[in-house]
Structures are given as structure tokens and as C-alpha cells.
1. Which of the following residues is touching a residue at least 60 places away in the same chain (Cβ under 8 Å) and closer than 19 Å to Leu244 by Cα: Ala181, Ala94, Ala191?
2. For region 68-89, give me the residue count where each residue is more than 10 Å from the chain's Cα centre (by Cα), crowded, with 24+ Cβ neighbours inside 10 Å and assigned to a helix (DSSP H, G or I).
3. Which of the residues that make up region 103-122 are part of a helix (DSSP H, G or I) and touching a Phe, Trp or Tyr at 6+ places or on another chain (Cβ under 7 Å)?
4. Would you confirm whether any residue within region 18-25 is part of a loop (DSSP other than H, G, I, E, B), over 24 Å from the mean Cα position of the chain (by Cα) and outside the structural domain of Trp127 (by TED's automatic domain parsing)?
5. Starting from residues that are β-branched (Val, Ile, Thr) and part of a helix (DSSP H, G or I), keep the ones in region 165-209 and report whichever is surrounded by the fewest Cβ atoms within 10 Å (Cβ to Cβ).
6. If Leu283 satisfies every condition in (1) under 19 Å from the mean Cα position of the chain (by Cα); (2) in contact (Cβ under 8 Å) with a residue 60 or more places away in the chain but one, which is the exception?
7. Do the conditions hold for Gly228, that is, is it out of contact with any Gly (no Cβ under 7 Å at 6 or more places or on another chain), modelled with pLDDT of 90 or more and either surrounded by 13 or more Cβ atoms within 10 Å (Cβ to Cβ) or β-branched (Val, Ile, Thr) (or both)?
8. Given the conditions (1) more than 29 Å from Ala101 (Cα to Cα); (2) of a type outside the set (Phe, Trp, Tyr); (3) assigned to a helix (DSSP H, G or I), report the number of the one that Ile233 does not fulfil.
Amino acid sequence: MYTRAKKVLFNFAFLYFAPILFSFGLCSILFLIVGASPIFVYIKLLFGAFESPYWFSELILKITPLLLCSLAVMTALKVNFWNIGVEGQFCIGAWAAGGTAMALGWMPGYFLLPILALSGFICGILWISLPVIMKLRLKVNEIITTLLMNYIGILWLNHFIYGKWKGSDGFPYTKTFSNNASLPGIFGQRAHIGIFFGLVLVAGLYFMFGKTRFGYKSRVVGENAKAGLYGGINIIGVVLINALISGGLAGFAGMVDITGIHHRLHPNIILGYGYTALIITWLAKNNPIHILVVSVLFGILAVGGDMIQVYQVPNAIVKILQGVIFLSILTAEGLYNKFRILDSSI
């Protein structure tokens, strides 16, 4: 028992703690170049989100779309389907929910909000269905097709924002949705109940992939599809269901974002959540509980990045820090695997 705990502690220190510490040290040089104290900046980055109810509310807002999009990536990746198109599915879900909100804004919220959630989820499914069919029937690489669908989804959304849905004042955004189409707020700030949807999905997906027969089949297909085929598992059916759920979750994330924060459609809702979700999912090793933890960490850095701009420190440095952390952990894992292989061969 002691030996196992010692090994886990060593793995955590080598694979995570040391690379993150190295990243912080390396990026300290950038802070010194721009004339900022690295210690002061890191205190703001790591603890600034907890300074006031407002900043904690902003933290919740950052975590919510990151968590939902990361869960979408994870669901497809469980069966080794690389859904790089979460960004496009997010946009399509927002488009569908936004159009429905403007058309049915007169309905009571307890009827309208479930309809908006369903519209975002279904349109996310429809959007990913083409890459899924091409993958399963034509053996076309899903990385390429889902990535290209991102651009189509973004341009489709912008077509309506700059076109027939543009507001009467001429600016590129739609009219504001009715209050019935807005998610209830929490903490008396901008945060909304969308975070609870994410927490429920974390628990639900953890149970589904860890405790159900379908989850077992998904893990088998993801780890060794040939073994699953010999075991009588319907490979195409399992991949299809996981991929479609992934697209639906991404579309649902788009619905939560516009009904919880923006309350209208505009180009600024496209913030790269789908691409960041890929990094979060990889760092979390495709585990829903770990995804929640990593999403919180990324949210803390994002809020801290907004705060340090007040002190004339560019927010772009936070993006650089995230990238360096990712590369450092990737390098550490590569070194760990290499030396473990060498050690086992001696």
C-alpha cells in the first residue's frame, strides 16, 4: 500500500507538478520583460478569482462553457472518435437556440427553456452527423471533417448575425431575447444555473462510462476495437451513439452560453471554447471528474488574466502560459514513457 502511494505521488510530481512549476518559472521571464512582478502576477492569476463575489461569479462563467465543451470532446474520444468540431457545433447550437428564442419568446420560461435546450442539442447532433457518416461508411478521417465543419458553422452563424437577424440599429447582433429565454442567475451576479447542468453531466457521464454496460462497450471500443468486434460488440453502433451525444452536448453548450450570458447572438460568442476543450480533455486523461478539476484551473487562469490587464499586463501572456504548461506536461509524459520502456527492457 505504501509503495503504491509513493508511486502515485512520484507520478504526480513528475508528470504535473514539475512541468507546471517549470512553466511558471519560464513565463516569469515574460512578466519581467513587460515590467511586472512575477510573484504579484501569479498571486492575481491563482487567487484573484476569489477576491470578491463579482470575480467568483466570473469564474463560474468561465468554467461553464469549458466544462460542457470538454465533456463533449471526452464523450466522442471514449470510442477514439476525435471530435475537433466542438467549436462549430457550439455555434450551431447557439444559432438554433437563438433563432428559437426570437421566434418563441412569448412562451413561459418553463416551457421555452427546455425547448431551447432541445433545439441546441438536436442541431449539434445534426451538425456532427455528416462527419460521423463519412467516418463510419467512407472511412474519411474525422479530424479533417470535424475541423472543416468548424469554419462552416462559424460562417453560418455570422451569416444570420450580419444578415436577416441583424438588429434594427444596424450593428452585427440580434435583438435581445425575452426574459423568458434567459437562464436564472445565481449569487446575485452574472453567473447562472448552467454550471449545475455541467455538474450533473459530470456525474451522469462518470456513471455511464464507469458503471453501465454501454459504458463498458465504449471503453472496449476505444481501447481495442478489434477485441470488441471479437466480443460481439456492435462497433458502428457504439461509435455512432457516442459521437452523436458529443455533438449534442456541444450544441447544448452553445445554448447555455447565449441564454445564460449574452441573451442575444453576436460574433463575440465565438471565443475558442471548443479548441481549449481539447487541451483540457487531454490533460484530464479523458476522465469526467478530472475534466471538472482542469476546467476549474483553466477558469481561474482566465479570470486572473482579465484581472492583470488592470495592471498593464497583457492577457495574451496567460494564453502563452497555458500553452507552455501543455507542452511541458506533454514533454514530461513522453520522457516518463521513454524511460519506463528503457527500464523494463534492461
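1. Of the residues listed, the single one that is touching a residue at least 60 places away in the same chain (Cβ under 8 Å) and closer than 19 Å to Leu244 by Cα is Ala94.
2. 4
3. Step one: of region 103-122, the residues part of a helix (DSSP H, G or I) are 103, 109-122.
Once the filter is applied, which keeps residues that are part of a helix (DSSP H, G or I) and touching a Phe, Trp or Tyr at 6+ places or on another chain (Cβ under 7 Å), region 103-122 yields Ala117, Gly120, Phe121.
4. No, there is no match, as no residue in region 18-25 is part of a loop (DSSP other than H, G, I, E, B), over 24 Å from the mean Cα position of the chain (by Cα) and outside the structural domain of Trp127 (by TED's automatic domain parsing).
5. That would be Val200.
6. Going through the list (1) under 19 Å from the mean Cα position of the chain (by Cα); (2) in contact (Cβ under 8 Å) with a residue 60 or more places away in the chain, Leu283 breaks only (2).
7. Numbers: out of contact with any Gly (no Cβ under 7 Å at 6 or more places or on another chain): yes; modelled with pLDDT of 90 or more: no; either surrounded by 13 or more Cβ atoms within 10 Å (Cβ to Cβ) or β-branched (Val, Ile, Thr) (or both): yes.
No.
8. For Ile233, the exception is condition (3).
The values are calculated or read from the model by the stated rules, or taken from the named source; none is laboratory data. Note that this is a predicted model, so its numbers are computed, not measured. Please note: Cβ atoms are built from the backbone with ideal geometry, for glycine as well, and neighbour counts cover all protein chains shown.
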